[in-house]
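The values are calculated or read from the model by the stated rules, or taken from the named source; none is laboratory data. Here the structure is a predicted model, which means the values were calculated and not measured. So basically every Cβ, Gly included, is an ideal-geometry build from the backbone, and we count neighbours across all protein chains shown. The area values use the complete protein model at the heavy-atom level, side chains included, leaving out ligands, DNA and RNA. Shrake-Rupley method; radii C 1.70, N 1.55, O 1.52, S 1.80 Å.
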Amino acid sequence: VQLQASGGGLVQAGGSLRLSCAASGRTFSYYGMGWFRQAPGKEREFVAAINSNGRITDYADSVKGRFTISRDNAKNTMYLQMNSLKPEDTAVYYCATHNLIAIKILATEYNYWGQGTLVTVSS
């Protein structure tokens, strides 16, 4: 299984970015996926998760109402729309997938990880 995250960059506070995660190597639509992030000097933290058919999602409290996770199973791609970005959102964002259809929020439950994409939010 290979995951390729993209879409990161430098944005001013209040701006928006959309991250993408392209998956290959197995049937994409069978499995739940998630986004995590890791800021400098901090542990990796959960951001958002989505189940296999995209109908169930979950978010960290810190991003609720600002971020939206989605997926296009026909394109084998997951997305993270990030609006109203804040400097504290600055981090490397990782996409990941596991071996079940449901939502998972613990990083230890994920089996496959992408390489990460850097998001920098300036104040």
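Brief remarks on what is shown
- Among the residues of segment 30-48, those that are within 15 Å of residue 69 (Cα to Cα) and without any contact (Cβ under 8 Å) to a residue 60 or more places away in the chain comprise 47, 48.
- Residue that is farthest from residue 81 (Cα to Cα), among those in segment 19-36 that are touching a Ser or Thr at 6+ places or on another chain (Cβ under 9 Å) and assigned to a strand (DSSP E or B): 23
- Only a single item in (1) open to solvent by less than 60 Å² (accessible area, probe 1.4 Å); (2) within 21 Å of residue 2 (Cβ to Cβ) is not met by residue 102, and it is number (2).
- Selection from segment 25-49 of residues that are loosely packed, with under 13 Cβ neighbours inside 10 Å and under 16 Å from the mean Cα position of the chain (by Cα): 43
- Only one of the numbered conditions (1) without any contact (Cβ under 8 Å) to a residue 40 or more places away in the chain; (2) more than 16 Å from the chain's Cα centre (by Cα) is violated by residue 11, and that is (1).
- Residue 52 meets all of the listed conditions (1) open to solvent by 20 Å² or more (accessible area, probe 1.4 Å); (2) more than 15 Å from residue 3 (Cα to Cα); (3) among the small types (Gly, Ala, Ser) but one, namely (1).
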